[in-house]
C-alpha cells in the first residue's frame, strides 16, 4: 500500500487538504509519524502543518511571528484575540489573579462531589456528555463563578457555539461543514443572548458591591477592581472577562474528559490500573493517567496561527521551509507530543510523565487561562467516572462534528 505522502503527492493540489484533514482526525498517529520522519513541514495552498515538537514550540512561543489574527473576526475586542497588547497583558493577569490558585483543592472537592451526586442520581444510565462532562463545569460556573439564577442549558449553548465558531469554523475548516455561515450565525445569536444575561448579571452584582454586599465569587471581585479605579478596567471589559469564564470552562472540559475516559475504556490493561488509581484516597493519583491519555487523544490536535512576516520553520535543518507572510500555520501539537526528540519512548503509555513537554493547555502567551482549574476539574471528572461499578459505554456520538455531543453509559 502506498504511504501517506505517496498518496498525498499523487492527489490533485486542490484536494490535498481534504485528504490530510481526514487523516488527522481518523488516522493521526501513523500519519504524524510519517510526517515527522519524512516531511515535518507539510505545505498546502490553504495552510502549512508543523509536526515536530521544536517547530510547534516555535510557532506557539513566537507570537511576534505567528499571531492569533484569525481569532479577531470571532472574538471582537477580547484580550485572547490580541498578541502582547496592553489589554492582553493587563486582563489575563487580572483573570489569573481572580482564579485563586489556593482554591484548587476546594474546587476539586466541589467537582468531585458534584460529579458523584449526578452519577448517583442517574440510576445506572446517563448521557455522559449532557449529564456529566458538560453538567459539571456548568455547575462550577453557576456555583463558583457567580452565574446565579442562570439556565444551565443556555450556558451550555452559549459556550458551545462560541467554541464551535472560534476554534472549528475557521476559513480552512470550510471543507468540513455544509454551511459554515450557519455556525457563525448561531454563534452571533448565542452571543446576543449571552450579553443580555451578562449585562443584567453585572448590573445586579454592581449594585450589591456598592451596597457592601459583594461576595467572593469572580464577578463581584472583578467589579471591586473596576470600582477601585486602580486599573483601566471599565464595565465593558468586566463583561468581556465574565463571558470568558463561561466560554472557556464548559466545552473544552467536556471534550477533554470524554477523550480521556473513552481512551481508557478501550484499553482494558490500562483501565484496570486507572481504576485502581481512581479508587485511591489520593485524588491526584489519577492525574498522570489523564494527562497521558490526552497526549494520545487531545481535545485540540492543533493550534492555528498566522505568519505576520516572511520567516522559516525548521531553521538549520534539512527540511528548513520558507513561510510567507499571511500563511495559516497549524502547530500540530498532537504530533509534537509524540515526537521522540522531546518525549522519551513516546509510544509508551507512562502515567508518571506529568505535563512536561506537553501542549494539553497550549504554550506561550496564549496558554490556557484556565490551566489550573482545568488541571483539577478534568481529572476529577474522570476519577468519578472510573469509580462506577461495571461501567460500559457505547461509541461517542459527535454528530458529524469535531466535539462529543452525546455518549450513552450504563453501570451497575
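What the table below lists for this structure:
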read-out	value
Residue 62 within 30 Å of residue 324 (Cα to Cα), surrounded by fewer than 19 Cβ atoms within 10 Å (Cβ to Cβ) and either more than 21 Å from the chain's Cα centre (by Cα) or modelled with pLDDT of 95 or more (or both)	yes
Every residue from the stretch 39-70 that is in a helix (DSSP H, G or I), touching a helix residue (DSSP H, G or I) at 6+ places or on another chain (Cβ under 7 Å) and under 26 Å from residue 243 (Cβ atoms)	60
Residue check, residue 400 touching a strand residue (DSSP E or B) at 6+ places or on another chain (Cβ under 6 Å) and more than 30 Å from residue 40 (Cβ to Cβ)	no
Filtered residues of the stretch 353-385 (kept if within 30 Å of residue 34 (Cβ to Cβ) and in contact (Cβ under 8 Å) with a residue 60 or more places away in the chain)	353, 354, 355, 357, 358, 359, 360, 362, 363, 364, 366, 368
Complete set of residues in the stretch 363-390 that are over 13 Å from the mean Cα position of the chain (by Cα), outside any helix (DSSP H, G or I) and buried (at least 19 other Cβ atoms within 10 Å of the Cβ)	388
Residue list for the stretch 1-38, restricted to those being in a helix (DSSP H, G or I), within 13 Å of residue 335 (Cα to Cα) and without any contact (Cβ under 8 Å) to a residue 60 or more places away in the chain	23, 30, 31, 34, 37
Tally of residues being crowded, with 23+ Cβ neighbours inside 10 Å and either in contact with a strand residue (DSSP E or B) (Cβ under 9 Å, 6 or more places away or on another chain) or over 24 Å from residue 241 (Cβ atoms) (or both) across the stretch 120-163	4
Residue list for the stretch 258-293, filter: touching a strand residue (DSSP E or B) at 6+ places or on another chain (Cβ under 9 Å) and surrounded by fewer than 21 Cβ atoms within 10 Å (Cβ to Cβ)	262, 265
Candidates 166, 85, filtered to the one that is exposed (fewer than 15 other Cβ atoms within 10 Å of the Cβ) and in contact with a helix residue (DSSP H, G or I) (Cβ under 8 Å, 6 or more places away or on another chain)	85
Residue check, residue 355 closer than 22 Å to residue 109 by Cα and modelled with pLDDT under 95	yes
Matching residues in the stretch 182-212 - criterion: being over 23 Å from residue 80 (Cβ atoms) and either modelled with pLDDT of 95 or more or surrounded by fewer than 16 Cβ atoms within 10 Å (Cβ to Cβ) (or both)	182, 200, 203, 204, 207, 208, 210, 211, 212
First in the stretch 335-352 and surrounded by fewer than 17 Cβ atoms within 10 Å (Cβ to Cβ), second anywhere and part of a loop (DSSP other than H, G, I, E, B), Cβ under 6 Å, 6 or more apart	340/346
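The values are calculated or read from the model by the stated rules, or taken from the named source; none is laboratory data. Everything numeric in this text was worked out from a predicted model, so none of it was measured. We place every Cβ from the backbone using ideal geometry, glycine too, and count neighbours over all the protein chains shown.
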